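**Student:** Pasting a structure below so you can have a look.
The values are calculated or read from the model by the stated rules, or taken from the named source; none is laboratory data. Just so it is clear, the model here is predicted, and its values are computed rather than measured. Glycine gets a Cβ as well: all are built from the backbone with ideal geometry, and neighbour counts include every protein chain shown.
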Amino acid sequence: MPKFEEEIESALALDEPKMFKVLLHNDDYTSMDFVVEVLVGIFHKTDAQAEQIMLEIHQKGQGLCGVYSFEIAQTKAMQVKQQAKQQEFPLLATIEEEQ
């Protein structure tokens with residue numbers, strides 16, 4: 001019997017879930033204040049962190065907002081899209097698998 005229990009335990013070993021980066025992309029229309037608002041409201045960044053990420057987006061074309069499981073990353077990207085649409089900004093959030 002012990003051999004049988006060992007086989008079951010090894011079959012139930014779980015892999016770590018894949019993680020996904022949420023990125024915001026620079027555009028010529030979305031205000032910097034709105035980007036900071038999104039980073040604080042959706043990604044729970046401090047004002048200082050949000051300003052730093054906003055500057056990175058502005059200077060480099062995109063910035064990392066956080067790393068999450070697929071479902072959470074997808075939800076956050078959708079929240080950005082909805083909030084930007086309400087404010088009539090074309091702010092783009094994408095997700096990509098972390099390497």
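**Student:** So if I check each of Phe34, Phe4, Phe20, Phe89, which one is surrounded by 15 or more Cβ atoms within 10 Å (Cβ to Cβ), of a type outside the set (Lys, Arg) and either assigned to a loop (DSSP other than H, G, I, E, B) or at pLDDT below 95 (or both)? Spell out how you get there, then give the answer.
**Tutor:** Numbers: Phe34 fails: either assigned to a loop (DSSP other than H, G, I, E, B) or at pLDDT below 95 (or both); Phe4 fails: surrounded by 15 or more Cβ atoms within 10 Å (Cβ to Cβ); Phe20 fails: either assigned to a loop (DSSP other than H, G, I, E, B) or at pLDDT below 95 (or both).
Going through Phe34, Phe4, Phe20, Phe89 in turn, just one is surrounded by 15 or more Cβ atoms within 10 Å (Cβ to Cβ), of a type outside the set (Lys, Arg) and either assigned to a loop (DSSP other than H, G, I, E, B) or at pLDDT below 95 (or both): Phe89.
**Student:** Every residue in the range 11-68 that is in contact with a helix residue (DSSP H, G or I) (Cβ under 6 Å, 6 or more places away or on another chain), over 16 Å from Leu91 (Cα atoms) and among the hydrophobic types (A, V, I, L, M, F, W, C), please.
**Tutor:** Once the filter is applied, which keeps residues that are in contact with a helix residue (DSSP H, G or I) (Cβ under 6 Å, 6 or more places away or on another chain), over 16 Å from Leu91 (Cα atoms) and among the hydrophobic types (A, V, I, L, M, F, W, C), the range 11-68 yields only Phe20.
**Student:** Scan the range 61-75 and report the pairs whose first residue is over 11 Å from Glu96 (Cβ atoms) and whose second residue is assigned to a helix (DSSP H, G or I), with Cβ atoms within less than 7 Å and a gap of 6+ or a chain change.
**Tutor:** Short answer, once both residue conditions are applied: Gly63/Ile53; Gly63/Glu56; Gly63/Ile57; Cys65/Leu39; Cys65/Ile53; Tyr68/Lys76.
**Student:** From Thr94, Thr75, which residue is outside any helix (DSSP H, G or I) and hydroxyl-bearing (Ser, Thr, Tyr)? Quick ask: steps written out before the conclusion?
**Tutor:** Values: Thr75 fails: outside any helix (DSSP H, G or I).
Testing whether each residue is outside any helix (DSSP H, G or I) and hydroxyl-bearing (Ser, Thr, Tyr) leaves just Thr94.
**Student:** Quick check on my filter: what residues within the range 45-72 are surrounded by fewer than 13 Cβ atoms within 10 Å (Cβ to Cβ), in a helix (DSSP H, G or I) and small (Gly, Ala, Ser)?
**Tutor:** Selection gives Ala48 alone.
**Student:** Of the numbered conditions (1) touching a Leu at 6+ places or on another chain (Cβ under 7 Å); (2) crowded, with 19+ Cβ neighbours inside 10 Å, Thr94 satisfies every one except a single condition; which is it?
**Tutor:** (2)
**Student:** May I ask you to say which residue of Gln52, Gln59, Gln83, Gln79 is under 12 Å from the mean Cα position of the chain (by Cα) and of a type outside the set (Gly, Ala, Ser)? Break it down into steps so the answer makes sense when it comes.
**Tutor:** Working: Gln52 fails: under 12 Å from the mean Cα position of the chain (by Cα); Gln59 fails: under 12 Å from the mean Cα position of the chain (by Cα); Gln83 fails: under 12 Å from the mean Cα position of the chain (by Cα).
Just a single option satisfies the conditions, and that option is Gln79.
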